[in-house]
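K.L.:
Here's a structure for you.
The values are calculated or read from the model by the stated rules, or taken from the named source; none is laboratory data. Keep in mind it's a predicted model, so treat the numbers as computed, not measured. So basically every Cβ, Gly included, is an ideal-geometry build from the backbone, and we count neighbours across all protein chains shown. The accessibility values were calculated without ligands, DNA or RNA, using every heavy atom of the protein model including side chains. Shrake-Rupley method; radii C 1.70, N 1.55, O 1.52, S 1.80 Å.
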Amino acid sequence: MAKSVTAEEETRTRARTRRAILEAAVRVFGDNPKAPLSEVAETAGVARSTLQRYFPERADLTCALGDYADELIREATERARTTEGTALEAFSRLAAEYFALQRVVMLAFGNEDHTEPPSEEECGPADLAVFDLVERGHEEGTIDPRITPLWAQQLLWAGLYAGWSYVAVARVPAYEALNMCLLSLVKAVSREQSG
């Protein structure tokens, strides 16, 4: 007797398949942004027709990478436990969590124009967590009050980019670049280091 699939099981299966396709796209496009979609499907372990059911056009998949990056950033922010410990400790944990997101962040946001500050509507939960963390650091005295929340956020992403680049430029292991990144970021925002 065949077991019937519940709507909830089908939804979970679709979510797993979608995520597998997005993870494959990050790996494939991270190595070759012009790679064919058939390579993404093969890496995801799905048929090309399955990939096209989820993402009919290449642009659909590329656009979905932005949402996927936002999702991974939210998950990393939660893992960083930004409300626990001192704000400086939380800032360091957050940077460490974000460091692992290099490929997806660069694919999703690497070509965006960052000359305009984000509007309140554009600020997601991860942005607000950084802002709250910095304000908490001001109150508890661990983060220099001259460092605004927006500046700390910009500094965080710039430091991460520098760390990611350092791996390739200096040909060092990622953990070494992460250590340099964390050391630099913490010194940059710390009240103790700022004179």
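K.L.:
Taking the 0 to 90 degree range and rounding to the nearest ten, how far is the long axis of helix 87-99 tilted relative to the main principal axis of the chain, both from C-alpha atoms?
P.N.:
30
K.L.:
Further question on the same structure: Considering only protein heavy atoms and a probe of 1.4 Å, how much of the accessible area of the chain is carbon and sulfur, as a whole percent?
P.N.:
Here it works out to 53 percent.
K.L.:
Among the trypsin sites (Lys or Arg not before Pro) within the range 37-85, which fall in a DSSP loop and have no more than 16 other Cβ atoms within 10 Å of their own Cβ?
P.N.:
Sites meeting the loop and neighbour criteria: Arg81.
K.L.:
Under the rule of at least 5 residues apart or a separate chain, name every residue whose amide H is placed under 5 Å from the amide H of Ile143.
P.N.:
It is His138, Arg191, by chain and number.
K.L.:
If you take the Cα Rg of the range 66-107 and divide it by 2.2 N^0.38 Å, with N the number of residues, what do you get?
P.N.:
The value comes to 1.16.
K.L.:
Can you quote the Å³ per residue value for the convex hull of the Cα atoms in the range 10-111, rounded to an integer?
P.N.:
Convex hull volume per residue, Cα atoms: 102 Å³.
K.L.:
To continue, here is another question. Take every Cα pair under 8 Å in the chain that's 6+ residues apart, average their separations, divide by the length, and report that relative contact order as a whole percent.
P.N.:
18
K.L.:
Enter the accessible area per residue of the chain (Å², integer; probe 1.4 Å; all protein chains in place).
P.N.:
Dividing the accessible area of the chain by its residue count gives 60 Å².
K.L.:
Under a Cβ-only charge scheme (Lys and Arg +1, Asp and Glu -1), can you give me the dipole magnitude of the chain about the Cα centre, in debye to the nearest 20?
P.N.:
That gives the chain a dipole magnitude of about 880 debye.
K.L.:
Write down the radius of gyration of the chain and its Dmax, each obtained from C-alpha positions, in Å.
P.N.:
According to the Cα coordinates of the chain, Rg and Dmax are 19.5, 74 Å.
K.L.:
Ranked by accessible surface with a 1.4 Å probe, highest first, in what order do Met180, Met106 come?
P.N.:
Met180, Met106
K.L.:
What trypsin sites (Lys or Arg not before Pro) in the range 121-195 are in a loop by DSSP, with at most 14 other Cβ atoms within 10 Å of the Cβ?
P.N.:
Arg146, Arg171
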